[in-house]
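Beneath this line is the structure, given in C-alpha coordinates, with notes to follow.
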Amino acid sequence: MAEKRHLLDVDDLSREDMGRILDTARSFAEVLKRPIKKVPSLRGKTVVNLFYEPSTRTRLSFEVAAKRLSADVLNFSATASSVEKGEGLKDTALTLEAMGVDAVVVRHPVAGAPWLLRQWLEAAILNAGDGMHAHPTQALLDLLTMQERLGELEGRTVAFVGDILHSRVARSGIKACRAMGMQVLAVAPPTLLPAAEIEGVEVCYDFDAVIPRCDILYMLRIQKERQKEGRFPSLEEYTHLYQLDARRLGKARPEVVVMHPGPMNRGVEIAADVAEAPHAAITAQVTAGVAIRMAVLFLLLGGSEGGEKVA
Ligand code: NCD
(Lines give C-alpha, C1' and ligand atoms only; values in the text may rest on other atoms or scores of the structure.)
Protein backbone atom coordinates (compact mmCIF):
# COMPACT_ATOMS: atom_id res chain seq x y z
CA MET A 1 0.00 0.00 0.00
CA ALA A 2 3.04 2.26 0.25
CA GLU A 3 2.32 3.91 -3.10
CA LYS A 4 -1.42 4.09 -2.45
CA ARG A 5 -2.58 7.31 -0.88
CA HIS A 6 -6.24 6.67 -0.19
CA LEU A 7 -8.61 3.98 0.99
CA LEU A 8 -11.91 4.42 -0.80
CA ASP A 9 -13.18 0.86 -1.20
CA VAL A 10 -11.81 -2.64 -0.88
CA ASP A 11 -11.56 -3.14 -4.62
CA ASP A 12 -8.66 -0.65 -4.62
CA LEU A 13 -6.74 -3.31 -2.70
CA SER A 14 -5.08 -6.44 -4.00
CA ARG A 15 -5.16 -9.55 -1.86
CA GLU A 16 -1.53 -8.76 -1.04
CA ASP A 17 -2.45 -5.24 0.14
CA MET A 18 -5.18 -6.73 2.33
CA GLY A 19 -2.68 -9.18 3.77
CA ARG A 20 -0.29 -6.33 4.57
CA ILE A 21 -3.03 -4.32 6.31
CA LEU A 22 -4.16 -7.37 8.31
CA ASP A 23 -0.58 -8.21 9.37
CA THR A 24 0.10 -4.62 10.39
CA ALA A 25 -3.19 -4.57 12.32
CA ARG A 26 -2.12 -7.71 14.18
CA SER A 27 1.05 -5.97 15.36
CA PHE A 28 -1.00 -2.99 16.51
CA ALA A 29 -3.45 -5.32 18.28
CA GLU A 30 -0.44 -6.40 20.38
CA VAL A 31 0.35 -2.76 21.17
CA LEU A 32 -3.27 -2.30 22.29
CA LYS A 33 -2.84 -5.04 24.90
CA ARG A 34 0.07 -3.24 26.58
CA PRO A 35 -0.37 -1.08 29.67
CA ILE A 36 0.75 1.94 27.59
CA LYS A 37 -1.15 1.68 24.34
CA LYS A 38 0.51 4.45 22.43
CA VAL A 39 3.29 4.53 19.82
CA PRO A 40 4.97 7.60 18.29
CA SER A 41 4.52 6.49 14.64
CA LEU A 42 2.39 9.42 13.44
CA ARG A 43 3.70 12.17 15.70
CA GLY A 44 3.37 15.50 13.92
CA LYS A 45 0.63 14.26 11.53
CA THR A 46 -2.91 15.62 11.64
CA VAL A 47 -6.01 13.54 10.97
CA VAL A 48 -9.47 15.07 10.53
CA ASN A 49 -12.68 13.15 11.11
CA LEU A 50 -15.17 14.77 8.73
CA PHE A 51 -18.55 13.26 9.62
CA TYR A 52 -21.72 14.30 7.82
CA GLU A 53 -23.78 11.46 9.33
CA PRO A 54 -24.31 10.46 12.93
CA SER A 55 -21.84 7.82 14.05
CA THR A 56 -20.62 6.64 17.39
CA ARG A 57 -18.41 3.65 16.99
CA THR A 58 -16.77 4.40 13.66
CA ARG A 59 -15.88 7.98 14.60
CA LEU A 60 -14.61 7.00 18.05
CA SER A 61 -12.68 4.10 16.57
CA PHE A 62 -10.86 6.34 14.06
CA GLU A 63 -10.23 8.89 16.81
CA VAL A 64 -8.76 6.33 19.20
CA ALA A 65 -6.69 4.79 16.38
CA ALA A 66 -5.14 8.14 15.39
CA LYS A 67 -4.45 9.04 19.03
CA ARG A 68 -2.78 5.69 19.74
CA LEU A 69 -0.41 6.55 16.87
CA SER A 70 0.28 9.99 18.43
CA ALA A 71 -1.35 11.93 15.57
CA ASP A 72 -3.28 15.12 16.29
CA VAL A 73 -7.01 14.61 15.72
CA LEU A 74 -9.64 17.15 14.73
CA ASN A 75 -13.30 16.22 14.82
CA PHE A 76 -15.65 17.99 12.46
CA SER A 77 -19.30 17.07 12.66
CA ALA A 78 -21.69 18.54 10.19
CA THR A 79 -24.19 19.99 12.62
CA ALA A 80 -21.67 21.89 14.73
CA SER A 81 -20.03 23.82 11.96
CA SER A 82 -20.36 26.06 8.99
CA VAL A 83 -22.26 23.35 7.11
CA GLU A 84 -25.24 24.88 8.89
CA LYS A 85 -24.34 28.09 7.15
CA GLY A 86 -24.47 26.29 3.82
CA GLU A 87 -20.80 25.63 3.19
CA GLY A 88 -20.30 22.98 0.53
CA LEU A 89 -18.14 19.90 0.86
CA LYS A 90 -15.48 21.38 -1.40
CA ASP A 91 -15.06 24.57 0.61
CA THR A 92 -14.90 22.67 3.86
CA ALA A 93 -12.31 20.36 2.38
CA LEU A 94 -10.19 23.20 1.03
CA THR A 95 -10.32 24.91 4.41
CA LEU A 96 -9.01 21.78 6.06
CA GLU A 97 -6.30 21.42 3.47
CA ALA A 98 -5.23 25.02 3.97
CA MET A 99 -4.70 24.13 7.62
CA GLY A 100 -2.28 21.42 6.55
CA VAL A 101 -4.06 18.21 7.47
CA ASP A 102 -2.48 14.93 6.38
CA ALA A 103 -5.54 12.65 6.31
CA VAL A 104 -9.29 13.15 6.03
CA VAL A 105 -11.57 10.41 7.32
CA VAL A 106 -14.96 11.05 5.74
CA ARG A 107 -18.47 9.73 6.31
CA HIS A 108 -21.10 11.19 4.03
CA PRO A 109 -24.72 10.32 3.11
CA VAL A 110 -23.97 10.69 -0.60
CA ALA A 111 -22.33 7.74 -2.38
CA GLY A 112 -19.10 8.83 -4.03
CA ALA A 113 -18.33 11.82 -1.76
CA PRO A 114 -14.86 10.45 -0.81
CA TRP A 115 -13.96 10.17 -4.53
CA LEU A 116 -14.77 13.87 -4.96
CA LEU A 117 -12.56 14.76 -2.02
CA ARG A 118 -9.74 12.79 -3.58
CA GLN A 119 -9.88 15.06 -6.63
CA TRP A 120 -9.74 18.22 -4.56
CA LEU A 121 -7.23 17.42 -1.82
CA GLU A 122 -3.62 16.44 -1.39
CA ALA A 123 -4.39 14.72 1.92
CA ALA A 124 -4.98 10.95 2.18
CA ILE A 125 -8.72 10.20 2.03
CA LEU A 126 -10.20 7.35 4.07
CA ASN A 127 -13.80 6.37 3.37
CA ALA A 128 -15.65 5.79 6.65
CA GLY A 129 -18.97 5.06 4.88
CA ASP A 130 -20.55 6.80 1.88
CA GLY A 131 -24.30 6.45 1.40
CA MET A 132 -25.28 2.85 0.68
CA HIS A 133 -22.06 2.37 -1.22
CA ALA A 134 -18.89 1.39 0.64
CA HIS A 135 -17.34 0.98 4.09
CA PRO A 136 -13.88 -0.47 3.53
CA THR A 137 -12.44 -0.30 7.07
CA GLN A 138 -15.50 -2.20 8.32
CA ALA A 139 -14.81 -4.94 5.75
CA LEU A 140 -11.15 -5.14 6.81
CA LEU A 141 -11.93 -5.30 10.52
CA ASP A 142 -14.46 -8.01 9.76
CA LEU A 143 -11.77 -10.04 7.96
CA LEU A 144 -9.40 -9.60 10.91
CA THR A 145 -12.11 -10.78 13.31
CA MET A 146 -12.94 -13.79 11.11
CA GLN A 147 -9.25 -14.76 10.94
CA GLU A 148 -8.87 -14.44 14.71
CA ARG A 149 -11.75 -16.89 15.18
CA LEU A 150 -11.29 -19.26 12.25
CA GLY A 151 -7.71 -18.98 10.98
CA GLU A 152 -7.54 -19.47 7.20
CA LEU A 153 -10.58 -18.02 5.45
CA GLU A 154 -10.22 -19.54 1.97
CA GLY A 155 -13.11 -21.91 1.31
CA ARG A 156 -15.11 -20.78 4.36
CA THR A 157 -18.79 -19.88 3.94
CA VAL A 158 -20.24 -16.58 5.14
CA ALA A 159 -23.89 -15.54 4.99
CA PHE A 160 -24.77 -11.84 5.02
CA VAL A 161 -28.30 -11.77 6.40
CA GLY A 162 -30.87 -8.98 6.27
CA ASP A 163 -31.02 -5.57 4.69
CA ILE A 164 -28.43 -6.07 1.98
CA LEU A 165 -30.06 -3.53 -0.32
CA HIS A 166 -29.27 -0.54 1.91
CA SER A 167 -26.04 -1.84 3.41
CA ARG A 168 -22.63 -0.40 2.62
CA VAL A 169 -21.26 -2.87 5.17
CA ALA A 170 -22.53 -5.77 3.03
CA ARG A 171 -21.34 -4.21 -0.24
CA SER A 172 -17.74 -3.83 0.92
CA GLY A 173 -17.86 -6.97 3.06
CA ILE A 174 -18.98 -9.18 0.17
CA LYS A 175 -16.12 -7.93 -2.03
CA ALA A 176 -13.56 -8.46 0.74
CA CYS A 177 -14.77 -11.99 1.52
CA ARG A 178 -14.79 -12.94 -2.16
CA ALA A 179 -11.25 -11.59 -2.52
CA MET A 180 -10.18 -13.94 0.29
CA GLY A 181 -11.63 -16.92 -1.57
CA MET A 182 -14.72 -17.37 0.59
CA GLN A 183 -18.16 -18.60 -0.47
CA VAL A 184 -20.67 -15.79 0.02
CA LEU A 185 -24.42 -16.16 0.56
CA ALA A 186 -26.85 -13.22 0.58
CA VAL A 187 -29.87 -14.13 2.71
CA ALA A 188 -32.84 -11.76 2.70
CA PRO A 189 -36.40 -11.32 1.55
CA PRO A 190 -36.45 -10.37 -2.16
CA THR A 191 -37.43 -6.77 -1.33
CA LEU A 192 -34.22 -6.24 0.67
CA LEU A 193 -31.88 -7.46 -2.06
CA PRO A 194 -30.45 -5.33 -4.89
CA ALA A 195 -32.27 -5.78 -8.21
CA ALA A 196 -29.09 -6.69 -10.06
CA GLU A 197 -27.30 -9.93 -9.41
CA ILE A 198 -24.28 -9.58 -7.10
CA GLU A 199 -21.31 -11.17 -8.82
CA GLY A 200 -20.24 -14.48 -7.36
CA VAL A 201 -22.87 -14.43 -4.61
CA GLU A 202 -25.52 -17.08 -4.02
CA VAL A 203 -28.89 -15.56 -3.11
CA CYS A 204 -31.18 -17.43 -0.66
CA TYR A 205 -34.53 -16.46 0.77
CA ASP A 206 -34.72 -19.31 3.26
CA PHE A 207 -32.45 -18.56 6.23
CA ASP A 208 -33.24 -21.82 8.07
CA ALA A 209 -32.16 -23.88 5.08
CA VAL A 210 -28.65 -22.39 4.83
CA ILE A 211 -27.68 -22.07 8.52
CA PRO A 212 -26.00 -25.51 8.79
CA ARG A 213 -23.69 -24.69 5.83
CA CYS A 214 -22.26 -21.48 7.27
CA ASP A 215 -19.03 -20.78 9.16
CA ILE A 216 -20.05 -17.16 9.73
CA LEU A 217 -23.51 -15.64 10.18
CA TYR A 218 -23.16 -11.93 9.51
CA MET A 219 -26.33 -10.20 10.71
CA LEU A 220 -27.14 -6.75 9.30
CA ARG A 221 -29.05 -4.00 11.03
CA ILE A 222 -32.63 -3.61 9.94
CA GLN A 223 -32.75 0.04 9.10
CA LYS A 224 -36.04 0.85 10.77
CA GLU A 225 -36.00 4.25 9.15
CA ARG A 226 -36.57 2.40 5.84
CA GLN A 227 -39.79 0.73 6.92
CA LYS A 228 -41.80 3.57 5.49
CA GLU A 229 -40.60 2.40 2.08
CA GLY A 230 -42.78 -0.67 2.60
CA ARG A 231 -40.08 -3.22 1.93
CA PHE A 232 -41.33 -5.71 4.47
CA PRO A 233 -44.90 -6.37 5.58
CA SER A 234 -44.15 -6.14 9.29
CA LEU A 235 -41.26 -6.27 11.70
CA GLU A 236 -42.89 -9.32 13.29
CA GLU A 237 -42.85 -11.24 10.05
CA TYR A 238 -39.25 -10.25 9.36
CA THR A 239 -38.24 -11.34 12.84
CA HIS A 240 -40.06 -14.63 12.45
CA LEU A 241 -38.23 -15.50 9.23
CA TYR A 242 -34.81 -13.90 9.62
CA GLN A 243 -33.97 -13.20 13.27
CA LEU A 244 -30.97 -15.12 14.56
CA ASP A 245 -32.37 -16.54 17.78
CA ALA A 246 -31.26 -19.41 20.02
CA ARG A 247 -33.32 -21.95 18.07
CA ARG A 248 -31.65 -21.03 14.80
CA LEU A 249 -28.21 -20.85 16.42
CA GLY A 250 -28.83 -24.40 17.61
CA LYS A 251 -28.93 -25.53 13.96
CA ALA A 252 -25.58 -23.95 13.16
CA ARG A 253 -22.14 -25.56 13.22
CA PRO A 254 -20.75 -25.70 16.77
CA GLU A 255 -17.88 -23.32 15.91
CA VAL A 256 -20.05 -20.84 13.95
CA VAL A 257 -19.11 -17.17 14.33
CA VAL A 258 -21.90 -14.59 14.74
CA MET A 259 -21.11 -11.05 13.63
CA HIS A 260 -22.90 -7.69 13.46
CA PRO A 261 -21.48 -4.24 12.56
CA GLY A 262 -23.55 -2.39 15.16
CA PRO A 263 -25.65 -0.64 16.12
CA MET A 264 -27.76 -3.74 16.90
CA ASN A 265 -31.51 -3.87 17.15
CA ARG A 266 -31.72 -6.55 19.81
CA GLY A 267 -34.90 -8.54 19.37
CA VAL A 268 -35.15 -7.69 15.65
CA GLU A 269 -32.31 -9.10 13.49
CA ILE A 270 -30.62 -10.73 16.47
CA ALA A 271 -31.98 -12.03 19.80
CA ALA A 272 -30.43 -10.46 22.89
CA ASP A 273 -29.08 -13.78 24.23
CA VAL A 274 -27.47 -14.66 20.87
CA ALA A 275 -25.70 -11.29 20.80
CA GLU A 276 -24.01 -12.32 24.04
CA ALA A 277 -23.46 -16.01 23.27
CA PRO A 278 -19.86 -17.30 23.07
CA HIS A 279 -20.29 -17.57 19.28
CA ALA A 280 -20.74 -13.82 18.98
CA ALA A 281 -17.66 -11.87 17.92
CA ILE A 282 -19.39 -8.50 18.07
CA THR A 283 -17.17 -6.86 20.70
CA ALA A 284 -14.13 -8.48 19.06
CA GLN A 285 -15.15 -6.61 15.88
CA VAL A 286 -14.99 -3.32 17.77
CA THR A 287 -11.51 -4.14 19.13
CA ALA A 288 -10.31 -5.23 15.69
CA GLY A 289 -11.64 -1.93 14.32
CA VAL A 290 -9.13 0.14 16.28
CA ALA A 291 -6.21 -2.04 15.14
CA ILE A 292 -7.33 -1.95 11.49
CA ARG A 293 -7.76 1.83 11.49
CA MET A 294 -4.32 2.22 13.09
CA ALA A 295 -2.87 0.00 10.36
CA VAL A 296 -4.55 1.89 7.51
CA LEU A 297 -3.57 5.32 8.87
CA PHE A 298 -0.03 4.12 9.48
CA LEU A 299 0.40 2.63 6.00
CA LEU A 300 -1.22 5.57 4.18
CA LEU A 301 0.65 8.24 6.09
CA GLY A 302 4.03 6.91 5.17
CA GLY A 303 4.85 4.37 7.84
CA SER A 304 6.74 1.26 6.86
CA GLU A 305 5.33 -2.06 7.91
CA GLY A 306 6.39 -3.73 11.16
CA GLY A 307 9.79 -2.80 12.56
CA GLU A 308 10.58 -0.33 15.32
CA LYS A 309 7.94 2.12 14.23
CA VAL A 310 5.16 -0.27 15.24
CA ALA A 311 7.03 -1.50 18.31
C1 NCD B 1 -22.87 0.65 9.95
C2 NCD B 1 -22.89 1.87 9.09
O3 NCD B 1 -23.01 2.98 9.59
O4 NCD B 1 -22.75 1.68 7.90
N5 NCD B 1 -22.37 0.76 11.22
C6 NCD B 1 -21.06 0.99 11.47
O7 NCD B 1 -20.31 1.53 10.70
N8 NCD B 1 -20.60 0.51 12.64
C9 NCD B 1 -24.02 -0.23 9.84
C10 NCD B 1 -25.40 0.31 10.09
O11 NCD B 1 -25.62 1.49 10.35
O12 NCD B 1 -26.31 -0.53 10.01
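From ARG59, ARG68, ARG43, ARG20, grab the single residue that is among the basic types (Lys, Arg), over 18 Å from GLY129 (Cα atoms) and out of contact with any helix residue (DSSP H, G or I) (no Cβ under 9 Å at 6 or more places or on another chain).
Working: ARG59 fails: over 18 Å from GLY129 (Cα atoms); ARG68 fails: out of contact with any helix residue (DSSP H, G or I) (no Cβ under 9 Å at 6 or more places or on another chain); ARG20 fails: out of contact with any helix residue (DSSP H, G or I) (no Cβ under 9 Å at 6 or more places or on another chain).
The unique qualifying residue is ARG43.
Of all residues being aromatic (Phe, Trp, Tyr) and in a helix (DSSP H, G or I) in the range 232-248, which is surrounded by the most Cβ atoms within 10 Å (Cβ to Cβ)? Just the residue, please. Before the answer, list the steps.
Just the residues of the range 232-248 that are aromatic (Phe, Trp, Tyr), to begin with: 232, 238, 242.
Subsequent filtering for residues that are in a helix (DSSP H, G or I) retains 238, 242.
Numbers: TYR238: 21, TYR242: 26.
The qualifying residue surrounded by the most Cβ atoms within 10 Å (Cβ to Cβ) is TYR242.
For GLU53, indicate whether it is surrounded by 15 or more Cβ atoms within 10 Å (Cβ to Cβ) and under 30 Å from LEU193 (Cβ atoms). So that I can check it myself, show each step before the final result.
Values: surrounded by 15 or more Cβ atoms within 10 Å (Cβ to Cβ): yes; under 30 Å from LEU193 (Cβ atoms): yes.
Answer is yes for this residue.
How about the range 197-223: which of its residues are surrounded by 15 or more Cβ atoms within 10 Å (Cβ to Cβ) and part of a helix (DSSP H, G or I)?
Scanning the range 197-223 gives PHE207, VAL210, ILE211.
Residue-wise test of (1) over 24 Å from THR145 (Cα atoms); (2) within 16 Å of the ligand (Cβ to nearest atom); (3) under 22 Å from the mean Cα position of the chain (by Cα); (4) open to solvent by less than 10 Å² (accessible area, probe 1.4 Å).
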residue: THR157; (1), (2), (3), (4): no, no, yes, no
residue: GLY162; (1), (2), (3), (4): no, yes, yes, yes
residue: ALA176; (1), (2), (3), (4): no, yes, yes, yes
residue: MET180; (1), (2), (3), (4): no, no, yes, no
residue: GLU225; (1), (2), (3), (4): yes, yes, yes, no
residue: GLY250; (1), (2), (3), (4): no, no, no, no
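Condition first: modelled with pLDDT under 95, of a type outside the set (A, V, I, L, M) and in a strand (DSSP E or B). Can you find one or more residues in the range 15-37 that meet it?
no
Pull out all pairs, ordered by first then second residue, where Cβ-Cβ is under 7 Å, the residues are six or more apart or on different chains, the first lies in the range 215-233 and is under 21 Å from GLU154 (Cα atoms), and the second is in a helix (DSSP H, G or I) and within 11 Å of the ligand (Cβ to nearest atom).
TYR218/GLY173
Of the residues in the range 257-287, how many are within 11 Å of the ligand (Cβ to nearest atom) and either open to solvent by 60 Å² or more (accessible area, probe 1.4 Å) or in contact with a Cys (Cβ under 8 Å, 6 or more places away or on another chain) (or both)?
Number of matching residues: 2.
The values are calculated or read from the model by the stated rules, or taken from the named source; none is laboratory data. All figures in this text were calculated on a predicted structure; none of them were measured in a lab. Virtual Cβ from ideal backbone geometry, glycine too; neighbours counted across all protein chains shown. Note: accessible area is taken over every heavy atom of the protein model, side chains too, but ligands, DNA and RNA are not part of it. Shrake-Rupley method; radii C 1.70, N 1.55, O 1.52, S 1.80 Å.
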